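**Student:** I have a structure I would like to understand better, so I am pasting it below and will then ask my questions one at a time.
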Amino acid sequence: MSPPHTDFDAAVETAIESDPRIDREFVRVVTDGPSPVVLVGVVHDHPASIARVEKLIDQVEPDLIAVELPDVLVPEVADPERTFGGEMAAAVSAAPGTPAVGIDVPGQGTGRALLAAGRHRDVTLGTVVQSVRSLGTMTARTVSGRLARLWPSVLPSLDALEYGHEYDLEPEASPRRQADNELAHLHRSRSLFETFEPPPATAFLDAVRERQMANRIERLRQKGSVAAVVGHEHLGSVGTALRTDEA
């Protein structure tokens, strides 16, 4: 079992102080409620994010690991022969024997999350329809990735469907160099996001996904402490939902 709440906080603080890649920019701790949660924000495929996930999970020893993936794809990234998955695969394999659960759409409760997001946002019917279509595309991709193992000659593997990222980092880069590179990449992404506002359907689908993730984490923490790995762009919204009982 994981440490009590006060020790959980202390474990996170120790991790933050011990490694520059574990920055407060990327970590949220929620101790109100039945069991504590540490949210770990990540930049897809970045070495600093992978290290942060591994070190924080090792430090806090959660009862459960939650990852920003559909639940049916967790076995795929848990495969030791995989060549994909980045920080999500790192989370699943960081603590052998600790249950790992997918919390993203599509999955249990997606319809409920869609309705809840619609009630809390001023959206048009057209926006909802476009978002549902995008959700359908995500569902098809998820099913294809899961079934590819059964029919590899017919369906593309999850590896082929995965969008990889490369960064201007030498393999032997120090933890500080990795951390600085990741923050610089994050700041550039923020500037681009602020310049080009996402389409309403994209913003609404993000809200649905964040509500789904928060709902799933809230249910998981009834069973024990949780380390949840999510994209940095979702970190604030998911953390706020858990703290304000919106999940």
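Bear in mind that the values in this text are calculations on the coordinates, not laboratory data. Predicted model, so just to flag it, every value in this text is computed and none were measured. Ideal geometry is used to build each Cβ from the backbone, glycine not excepted, and the neighbour counts take in all protein chains shown.
**Student:** Could you check, for region 211-227, whether at least one of its residues is over 19 Å from the mean Cα position of the chain (by Cα), of a type outside the set (Ser, Thr, Tyr) and assigned to a helix (DSSP H, G or I)?
**Tutor:** No; the residues of region 211-227 include none that is over 19 Å from the mean Cα position of the chain (by Cα), of a type outside the set (Ser, Thr, Tyr) and assigned to a helix (DSSP H, G or I).
**Student:** A follow-up question, please. Of the residues that make up region 76-83, is at least one among the hydroxyl-bearing types (Ser, Thr, Tyr) and either in contact with a strand residue (DSSP E or B) (Cβ under 8 Å, 6 or more places away or on another chain) or closer than 23 Å to LEU235 by Cβ (or both)?
**Tutor:** no
**Student:** Mind checking which residues of region 190-204 are in a helix (DSSP H, G or I) and without any contact (Cβ under 8 Å) to a residue 60 or more places away in the chain?
**Tutor:** Passing the criteria: ARG190, SER191, LEU192, PHE193, GLU194, THR195, ALA203.
**Student:** If you don't mind, there's one more thing I want to ask. Just to be sure, is ARG141 among the basic types (Lys, Arg), buried (at least 16 other Cβ atoms within 10 Å of the Cβ) and either on the phi > 0 side of the Ramachandran plot or out of contact with any His (no Cβ under 9 Å at 6 or more places or on another chain) (or both)?
**Tutor:** Yes; evaluated as a whole, the condition is true for this residue.
**Student:** Follow-up question, since we're still on this one. Just give me the residues in region 105-128 being hydrophobic (A, V, I, L, M, F, W, C) and in contact (Cβ under 8 Å) with a residue 40 or more places away in the chain, in sequence order.
**Tutor:** VAL105, ALA113, LEU114, ALA116, ALA117, VAL123, VAL128 - these are the residues of region 105-128 that are hydrophobic (A, V, I, L, M, F, W, C) and in contact (Cβ under 8 Å) with a residue 40 or more places away in the chain.
**Student:** Take the residues in region 186-239 that are among the small types (Gly, Ala, Ser) and over 24 Å from GLN130 (Cα atoms); name whichever of them is surrounded by the most Cβ atoms within 10 Å (Cβ to Cβ).
**Tutor:** Looking at the filtered set, the residue picked out is ALA228.
**Student:** Among the numbered criteria (1) surrounded by 21 or more Cβ atoms within 10 Å (Cβ to Cβ); (2) in contact (Cβ under 8 Å) with a residue 40 or more places away in the chain; (3) farther than 25 Å from ALA179 by Cα, which single criterion is violated by VAL74?
**Tutor:** Result: VAL74 fails condition (2) only.
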